[in-house]
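Participant: Please read through the structure below; I'll follow up with questions.
Values quoted throughout were computed directly from the atomic coordinates according to the rules given, and no laboratory measurement underlies them. These numbers were taken from a predicted model, which means no experiment stands behind them. When we count neighbours, we look across all protein chains shown, and the Cβ atoms used for this are built from the backbone with ideal geometry, even at glycine.
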Amino acid sequence: MNLEFRLQVFEGPLDLLLHLIDKNKVNIYDIPIVEITEQYMEYVKQMDKQDLNLVSEFLVMAATLLDIKAKMLLPKDPEVVDEEEDPRAELVEKLLEYKRYKYMSYELKDRQIDAEKSMYKKPTIPDEVKKYEPPVDLGKLLDGITLKKLNDIFAEVIKRQADKIDPIRSKFGKIEKEEVNIEEKIVQVMDYISENRHCSFKKMLSGQHSKMQIIVTFLAILELMKTGKINIVQNNIFDDIIIDAA
């Protein structure tokens, strides 16, 4: 698909003036305004008057040319010592700006044509080549590394690890959930009492492995006392408690 680069802002009167300047082979900085204006007006007279918007643009430029022509034909004041500004200067600046954009549009069009000749091909690199990594050059990797720098890096890593440790929570013990079944503990206590007959309460508790085991054992003994399956005897305060089967 061909694309046309048309800069609407710069089409019309300025394009016609550039054409007339190139046609007459005159210097754009020294435009023969009288001759160019006459040729411009001839073109305007031959234009199609149906498109009023386009015609109005050419008429505005025609008025500008006539104004410049009038200024240049007027006699200069001999009393004015300073050099007057050339009436064509503003027009020349607009023409040069338009010419730059016009040639830029040509460049864009050429690039579009060249781009149509380019073909895209998806990469077909084997997986082995994609995964390849050049070997590490240890010489470059360790360039400038000294024992002091390594020690500083090691100290910084250790410091970061230490900063991550909570000084308070790190001292907390590990909380583990221990599954203790009181029914099973009651059976174990009864078996122990049946085997030993007169057993020491203190000795029975000392055989437990955790606080939870001690608590459940104590609860089991209370339950057995409640049901009348064991008897508890303590001769004096703070003496050991002796457990017997009922």
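Participant: When the residues of the stretch 216-246 are narrowed to those that are of a type in the set (A, V, I, L, M, F, W, C) and in a loop (DSSP other than H, G, I, E, B), which ends up nearest to I186 (Cα to Cα)? It would help to see each step written out before you state the result.
Facilitator: First, the residues of the stretch 216-246 that are of a type in the set (A, V, I, L, M, F, W, C): 216, 218-222, 224-225, 230, 232-233, 237-238, 241-243, 245-246.
This time we only want the ones that are in a loop (DSSP other than H, G, I, E, B), so: 237-238, 241, 246.
Working: I237: 26, F238: 25, I241: 18, A246: 15 Å.
My answer is A246.
Residues checked against (1) in a loop (DSSP other than H, G, I, E, B); (2) among the aliphatic types (A, V, I, L, M); (3) free of Cβ contacts under 8 Å to residues at least 24 places away in the same chain:
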site: S105; (1), (2), (3): no, no, no
site: R111; (1), (2), (3): no, no, yes
site: D114; (1), (2), (3): no, no, yes
site: G139; (1), (2), (3): no, no, yes
site: I145; (1), (2), (3): yes, yes, yes
site: N151; (1), (2), (3): no, no, yes
site: E156; (1), (2), (3): no, no, yes
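Participant: Continuing with the same structure: If you take the residues of the stretch 86-130 that are of a type in the set (A, V, I, L, M, F, W, C) and surrounded by 10 or more Cβ atoms within 10 Å (Cβ to Cβ), which of them is farthest from L17 (Cα to Cα)? First the steps, then the outcome.
Facilitator: Applying the first criterion (of a type in the set (A, V, I, L, M, F, W, C)) to the stretch 86-130 yields 89, 91-92, 95-96, 104, 108, 113, 115, 119, 125, 129.
Subsequent filtering for residues that are surrounded by 10 or more Cβ atoms within 10 Å (Cβ to Cβ) retains 89, 91-92, 95-96, 104, 108, 113.
Details: A89: 14, L91: 10, V92: 10, L95: 8, L96: 11, M104: 18, L108: 23, I113: 28 Å.
It comes out as I113.
Participant: Separate question: In a helix (DSSP H, G or I), surrounded by 15 or more Cβ atoms within 10 Å (Cβ to Cβ) and not β-branched (V, I, T), is that true of E195?
Facilitator: Numbers: in a helix (DSSP H, G or I): yes; surrounded by 15 or more Cβ atoms within 10 Å (Cβ to Cβ): no; not β-branched (V, I, T): yes.
Here the answer is no, as E195 does not meet what is asked.
Listed here are the residues, each with its yes/no results for (1) hydrophobic (A, V, I, L, M, F, W, C); (2) touching a residue at least 12 places away in the same chain (Cβ under 8 Å).
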position: F201; (1), (2): yes, yes
position: Q208; (1), (2): no, no
position: I214; (1), (2): yes, no
position: E223; (1), (2): no, yes
position: G228; (1), (2): no, yes
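Participant: Mind checking which residues of the stretch 201-215 are small (G, A, S) and not in a loop (DSSP other than H, G, I, E, B)? If you could, list the steps in order and put the result at the bottom.
Facilitator: Start the filter on the stretch 201-215 by keeping residues that are small (G, A, S), which leaves 206-207, 210.
Answer for the stretch 201-215, where residues must be small (G, A, S) and not in a loop (DSSP other than H, G, I, E, B): just S206.
Participant: Do we have Y98 as in contact with a Leu (Cβ under 6 Å, 6 or more places away or on another chain), in a helix (DSSP H, G or I) and hydroxyl-bearing (S, T, Y) here?
Facilitator: Values: in contact with a Leu (Cβ under 6 Å, 6 or more places away or on another chain): yes; in a helix (DSSP H, G or I): yes; hydroxyl-bearing (S, T, Y): yes.
So Y98 fits the description; yes.
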